[in-house]
Structure formats: C-alpha cells, structure tokens
Amino acid sequence: MSAAQLPGGPSLPQERRLVTAIPGPKSQELQARKLAAVAAGVGTTLPVYITRAGGGVVEDVDGNSLIDFGSGIAVTNVGNAAELVVERASQQLAAFTHTCFMVTPYEGYVAVAEQLNELTPGDHEKRTALFNSGAEAVENAVKIARAYTKRTAVVVFDHGYHGRTNLTMGMTAKNMPYKQGFGPFAPEVYRVPLAYPYRWLTGAENCAAEAAAQAIDMITKQIGAENVAAIVIEPIQGEGGFIEPAKGFLPAIVEFAKANGIVFVADEIQTGFCRTGQWFACDDEGIVPDLITTAKGIAGGLPLAAVTGRAEIMDAAHAGGLGGTYGGNPVACAAALGSIETMKQLDLNAKAQAIGATMLTRLRAFAEKFDVIGDVRGRGAMIAIELVKPGTKDPNPEATAALAKFCHNEGLLVLTAGTYGNVLRFLPPLVMPQELLVEGLDILENAFAAL
C-alpha cells in the first residue's frame, strides 16, 4: 500500500509487516532497560518499542508494523501525527512553550475553551477550565460541584473508572490493579448499581427501570439526596468493559439529579471527540450534563483535559480555586485546535460510525460461531466483546488473555478491560484504512479459531 502522507499520520506504509518475533530483539533490549530504570508499578500491555505511528499502524524499533486497535487508549482518534496537530503544535513550540495561564495568559487556552463550550451538549451558557489529565478533570469537576451545591457526597456507579488520584481511585470500582494497597481513599464517595444489560439478573428488558430504581433508592435512603453534590458517570463505561447502560437509565438518573439539585457529571474522557460516532456519547439519548469532563482524544496525543459546564456552576469556585501550573499548556492547546479542526474536516463522526458498522457485523458473526463470546456491544469505534465459559455467563479471563496474546504475536495490537478481566476492547484510530480494519478482524477470527 502507498506510503503517501496520511491525514492521520506521517508518511509510512499502511500495512501489517512482521520481520521478527513480537517483541523483537531490539524491543527486548529496551524492555530490559525499562525494567532496570522504570518503577515496577508502571506496566506495559505489549513491550514493543515504537519509533513511528500513523493512520492505522504503529512501527517498532525492529521494523515490525502492527495494526493498531488501541489508539493509545482512545487518545489518537485523529491519528498519531495528524498534519494539523503537528503543524499547530510545532508553530506554538517555536513561539513559546509555557508562561502559565494563571500568570500571563494566551489566546490558545481561550480558543480551546470556546470550542468546547460550542461542541459539548446543550445550548446554555458555558464555561471551561483546562487541566492535564482525565483524573485531574474528574477531581476538579467534583470540586466545582461541591463549591456550587455546598454539599459533600459524590455518587458513582458499579464498574466505573475515573482515574488514579486518591479521590478518583475511591470513585473507581475495580480494586486490582487500580486501588490495591493504595488506601485509605477520600471519604464521601458512594457506589450504586449500573444498568448492565448483559449481566442484569432479571434480563436486559428490565434493566434500565430496575437499575435506576435501585440506584435512586440507595441514594435516597443511604446518603440523602440533599447531601449529594454530584452524580458522576461514564455514558459508556471504559475500563469497566465498554458497558453501554440500558436505554432509559441515563435519562432517569439525569431527571432525578435535576429534581434534587444534584450536579450531573458526564465523564466523557474515553468516549468523547467522535469516538462513539457522535461528538460525545451523551448525544445518543439527548443527555445534557451539567458538567462534562474530557481528555484523551482532545489534543491528538498531547496531555490536555477539561471540565466544561453550565456557567453558574463553573463560576461557583472562587478565583484561584481552579488551575495548575501546566493546565492548558499552550502547545497542547494548539494541538487541540488542530485536532478539533481535523475531526470536522474529515467528518470523523461518520468514519467512526462506518468502523462500528464493519466491526459489529463481523463480531456478531463471530458470536454465532464461537460460544466463548457472551456479548458484543459498543457504538462507533468503541466496540467490545465479553468472553465467557461456554454455556454460562461465567467470566473467562483466561480466554481473553490467550486471544490478546495470539493477536499480539500476529501483529494486531488489542487491549483488554472489564471488571472481571474478560473483555477485549477495540479502539482503532478513526482514520484507519478500511482494508487494515478488515485485516485486523481476520486476525481476530483466526485467534478464536485457534482458541
């Protein structure tokens, strides 16, 4: 295939190419250096060391070219080196790298805030504050909600993931590897049921109404709605296994929050910026959150995050109460403006929908053939399969690990997820060529056949 300049990356061939075992000798040498120099707590899914990436591939130090179904965990939606991202960031890098927006501001921060105020759900007056990471955005959303409501309690959901800071670890459901040994955690965090259709005991058809009723009952009786500052939820859960709540669940929670003066926070860190085939996953059911947190896909790979929301809520924090030395770094802001322009120019919502149509068709066909597949789910280019022990709904993390290993050895980068470690999740770059997407799915089918 041509190595012409791609809209989502540098000039490199869009092909899978294996010239060594995975990982190759040079990657193994680098991994030995990593183990000697980097803290053991920083894990690696696939220890191949990358030198170039773009379009739908990553190229390693040994000359192998792998198909990328991970996008750096939903970060490189526009590709790993999108032309406008590189151009804008390079220009800003040459002008200045930092002044600290809280000391002497610059236009890029304001321009990103304007774009987010326009793109996020709802036509009400909004404000935005910029930060560095998704966890930082979530933590600041909680701060803002507490300042506005003068309440303290935070409600989160089963299977949710919100980050690795002390507060966001407490908000995250899964213990290992995110929480084990790192407590005690911040207080006033309460967890309620999620409408998980595949695993709802009375069936998917009852899931939305029953889960919403249970969650609201727990909030009312165990916490007191009048004590709740914020309800925080991922419209499609990420690390929890790409769980899409049953239709009707989110609107019921939003209605309850609105009736009780609770700030509804949509954590769109993994789902945002065209990933689900819409600008934000909330758009699917017309959800208009009070606050929305974003990161990952916002800046084409540079560290940037945001909280955007209703002006009266966002302005509740006192001057100086929000910020951070690097928050809204000028180079990251320039990259974000290039990334958003790329999404618009290439209509990446439509591309995500096309990826989803291809993947879901193939994966549902796999489910007819392979009884280890319990569920196929997702929207746009955020797709997952949940693996079970045949004939049951018992989680099958062993099969998940074996399938991932097969794919990695064949040059297909895939990620795992799920509370039970039994979900394969797929997050291809939205600029991936169709033929690479199909080739990746062929490898996956071979993996199931081998299993």
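Computed packing ranks the peptides 87-95, 30-38 as 87-95, 30-38, most packed first, by mean other Cβ atoms within 10 Å. With the convex hull of the Cα atoms taken as the outline of segment 336-451, the averaged projected area works out to 7.5 nm². Computed packing ranks the peptides 334-341, 258-265 as 334-341, 258-265, most packed first, by mean other Cβ atoms within 10 Å. Alpha carbon centre of segment 374-451 versus segment 82-97: separation in Å? Using only Cα atoms to place each centre, the spacing works out to 35 Å.
Would you mind pulling out the separation of the Cα centroids of segment 183-243 and segment 280-344, in Å? Computed from Cα coordinates, the inter-centre distance equals 25 Å. Span-like helix check, the chain: qualifying full DSSP H segments, with Cα axial length of 30 Å or more and mean Kyte-Doolittle of -0.5 or more, are 348-369.
Among the listed pairs LYS34/LYS296; LYS221/LYS247; LYS150/LYS221; LYS26/LYS174, a Cα-Cα separation exceeding 28 Å is found for LYS26/LYS174. From helices alone, the chain scores -11500 deg cm²/dmol at 222 nm; the rule is -39500 (n - 2.57) for each run of n ≥ 4 DSSP H residues, then divide by the residue total. Its residue count N fixes a reference of 2.2 N^0.38 Å for the chain, and the Cα radius of gyration divided by that reference is 0.96. Dividing the convex hull volume of the alpha carbon atoms of segment 85-346 by its residue count gives 128 Å³ per residue. Peptide packing for 173-181, 248-256 was compared via the average number of neighbouring C-beta atoms within 10 Å per residue; ordered from the highest value, the list is 248-256, 173-181.
Bear in mind these aren't lab numbers, they're just calculated from the coordinates by the rules spelled out. For clarity, every value in this text was computed on a predicted model and none was experimentally measured. Positions of Cβ are generated from backbone atoms using ideal geometry, with glycine treated the same way; all protein chains shown enter the neighbour counts.
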